[in-house]
Amino acid sequence: MFIKRPLLLFLMAFVILFLSSDFLQAQTRTASGTVTSYSLNLYNISGYHSSGGFYFYVYFSTYDGIANAFPQGLGYNESGELSPTTLGGARYVSDYAIYSSGYYYNRGYMVLNIPLTDSDGNGFPDLLQVDKTVNSTISFSLNEYETSNYGSTYSWYGTETGSIRLSRSAGNYQGTATGTINSSTFSGSFQAEGGFGNAVYDLSARSIRFEGTSFGLGTTGSGTSTFTRINDNQVNVAAFYFYTSDGYRRTVYGFTLNRSGKYYRGDVALADGDPGTSYVDYKDCFIEIYDSNDSDSDGIPDLSDASTSYSFSSSPGATANGDEWSAAYDAAKAFDGSNSTTYHSKAGNTYPHVLAYDCGSARSVSSISLNQGWHPATSVQVLGSNDNASWTDLGTFSTSAGLNTLSLSSPQSFRYWAIRALAGNSVYWCVYEIGLNGGYSFSSSPGATANGDEWSAAYDAAKAFDGSNSTAYHSKAGNTYPHVLAYDCGSARSVSSISLNQGWHPATSVQVLGSNDNASWTDLGTFSTSAGLNTLSLSSPQSFRYWAIRALAGNSVYWCVYEIGL
């Protein structure tokens, strides 16, 4: 009887990406995954020839392309492999030999077409997936050679046809194989080869470690490689060695993971799936990873999300994670303080694009100035992080060519800042300069600011604090809520209420904030407001040097204020 041997032992379970920067701390996430062979294993096949009145055994092994020969490993380590002639195709082949009464009286190769039904649409047939029920009757043909001299020589006998029924319940990797051919019946077992587990990864570096356990053998293994994010939908893994608890080392060739929603899938090739045999077998596999981690809630799992982690060559320093036209247009040009230099995304790359900056230590920012060039983004997302791994979504903004002011809902303090360009009028992104504006920018003290969100000089922030209801502040054309008006008193001022006289575009809700350093801000309450004079009464008198009125919403996109009194 043919006894099942340990076969495919390259198994996906844990993906661990270790930090390479000594100033970062590991941040891990957990996903789940499986690796399944494209081949099936047929074993323990025996039958009865009713017209001849004898019992027989069938031994299968990996097809070698030689029609009239014994199966590889016959008698000591035949693989049982039924493998595809073309990866992803229906045609499967296996060499076989039939044994009875002390010798092998037939040999040849079997051909059949498996059903390619793919009920979950993952690109892998249900027949091969452990989580799918299998009940399939499949026609096959035997291209057979026969001996008439007890195995000394074998001559062409002909092609015989039959059928085999494969049955397996969902969740089981093993199933039953029964069938008929002419006057013979047979039965035995078949099984899927592969393994399962979890995926634990840290995207602050690009090393990757696979660990796992086989479906039924209890064999474990691990291997370490490197990976490259191609875009939000693809990740490449470099070739590596996979070491297993049976003492073997398997070579895994480089492969690509393609994203669909929260799943990553791809084909994986090994130099040899079972080094315990003297020939190559079980070399082609299918990998599927499910990743529910999405730190920035943008619908792209962290494994391939451009905004998840960034590689910096210096601190402080800028990066585009390699998405640069050339050294003359690299990420540093967007943070060098000059509008005469330019960052430009790489030829062939498409949206999204990312520019990130490591400040070296936490920096308080209330707005970001984004001066875009001849290929502007039309929508950008701002993110902040203190570990280059867990990112906070600080808002999405509509943008255009030229200077854009991205006003945050309130000042935020992070070491790492990222501007993620989501869409544009072309595939490219071009940026002259990005400025991280800490707190609010005042041109004088005492003095007022709207951080550039002003219709014109005739309607600037100073008009809201000049003591006159005949002048007015008006927000910038194209900017939307929130809007902010802030005032530097020069020194701390005690305030118990604020008068807000709004004009023809009033806010309907405003927030009051106070600070003594233009960095750390205290929320003093949110108030409903309307056109005309509003009194914002604080819960108790408060003393701050810097005061800010943040307009949260209104009846239009604009904000108009005649006067603010502290």
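The numbers here are math on the coordinates, done by the rules we state, and not lab data. Note that this is a predicted model, so its numbers are computed, not measured. For neighbour counting, all protein chains shown are included, and Cβ atoms are generated from backbone atoms with ideal geometry for every residue, glycine included.
In the range 317-437, if the dipole is taken from +1 on Lys/Arg beta carbons and -1 on Asp/Glu beta carbons about the Cα centre, which of Gly435, Tyr343, Asn321 is farthest to the positive end?
Sorting the options by dipole projection puts first Gly435.
Using the Kirkwood radius built from alpha carbon pairs, what does the Stokes-Einstein equation give as D for the range 132-214 at 25 °C and 0.890 mPa s, in µm² per second?
D = 145 µm²/s.
Which ³J(HN,Hα) values in Hz, rounded to whole numbers, follow from the phi angles of the range 62-76 under the Karplus curve 6.51 cos²θ - 1.76 cosθ + 1.60, where θ = phi - 60° and Gly and Pro get x?
Using θ = phi - 60°, the values come out as 4, 5, 10, x, 9, 5, 9, 7, 6, x, 4, x, 4, x, 9 Hz.
Return an integer: the convex hull volume of the alpha-carbon atoms of the range 447-565, in Å³ per residue.
90 Å³
Volume per residue, Å³, of the convex hull around the alpha-carbon atoms of the range 334-434?
Hull volume normalised by residue count: 92 Å³.
Taking K and R as +1 and D and E as -1, what net charge do the other residues with C-beta under 13 Å from the C-beta of Val130 add up to?
Values: positive: Lys132, Arg168; negative: Asp120, Asp126, Asp131, Glu193, Glu288.
Taking every other residue near Val130 into account, the sum is -3.
Taking only C-alpha pairs under 8 Å that are 6+ residues apart, what is the relative contact order of the range 447-565 in percent?
It comes to 37 percent, rounded to a whole number.
With θ set to phi - 60° and the Karplus curve 6.51 cos²θ - 1.76 cosθ + 1.60, what are the ³J(HN,Hα) couplings of the range 119-132 in order, to the nearest whole Hz, using x for Gly and Pro?
5, 9, x, 8, x, 10, x, 4, 4, 9, 8, 5, 7, 10
Checking the cross-link filter: which lysines have an alpha carbon closer than 16 Å to that of Lys463, excluding same-chain neighbours under 8 positions apart?
In chain and number order, the partners are Lys476.
Please sort 101-114, 169-182 by packing, taking for each peptide the average over its residues of neighbouring beta carbons within 10 angstrom, highest first.
The packing order, highest mean first, is 101-114, 169-182.
Suppose the chain between Ser369 and Asn122 were pulled fully straight at 0.36 nm per residue; how much longer would it get relative to their current alpha carbon spacing? Don't skip to the answer; put the middle values down first.
Values: separation 247, 0.36 × 247 = 88.92 nm, distance 4.32 nm.
Taking 0.36 nm per residue and subtracting the Cα distance, the gain is 84.6 nm.
Ranking request for peptides 534-545, 156-167: highest mean number of other beta-carbon atoms within 10 Å first, then the rest in descending order.
156-167, 534-545
Rounding to the nearest 20 debye, state how big the charge dipole of the chain is about its Cα centre with +1 on each Lys and Arg Cβ and -1 on each Asp and Glu Cβ. Don't skip to the end; give the middle numbers.
Working: 27 positive and 45 negative charges, 66 e Å.
With only Lys, Arg, Asp and Glu charged at Cβ, the dipole is about 320 debye.
Length gain on complete extension for the stretch Ala90 to Ile230, per 0.36 nm per residue less the alpha carbon to alpha carbon distance? Numbers along the way, then the final one.
Values: separation 140, 0.36 × 140 = 50.40 nm, distance 3.07 nm.
Full-extension gain reported as 47.3 nm.
Have a look at Thr405, Pro352, Val484 and report the one farthest towards the positive end of the charge dipole of the chain, computed about the Cα centre with Cβ charges (Lys/Arg +1, Asp/Glu -1).
So the residue furthest toward the plus end is Val484.
Please list 145-151, 366-372 highest first by mean number of surrounding beta-carbon atoms within 10 Å per residue.
Per-residue Cβ counts within 10 Å, averaged per peptide and sorted highest first, yield 366-372, 145-151.
Give or take rounding to whole Å, what are the principal axis extents of the alpha carbon atoms in the range 39-193, in descending order?
Result, largest extent first: 51, 30, 27 Å.
Using all C-alpha to C-alpha distances in the chain, build P(r) with 20 Å bins and read off the rounded percent in each one.
19, 34, 23, 16, 7, 1
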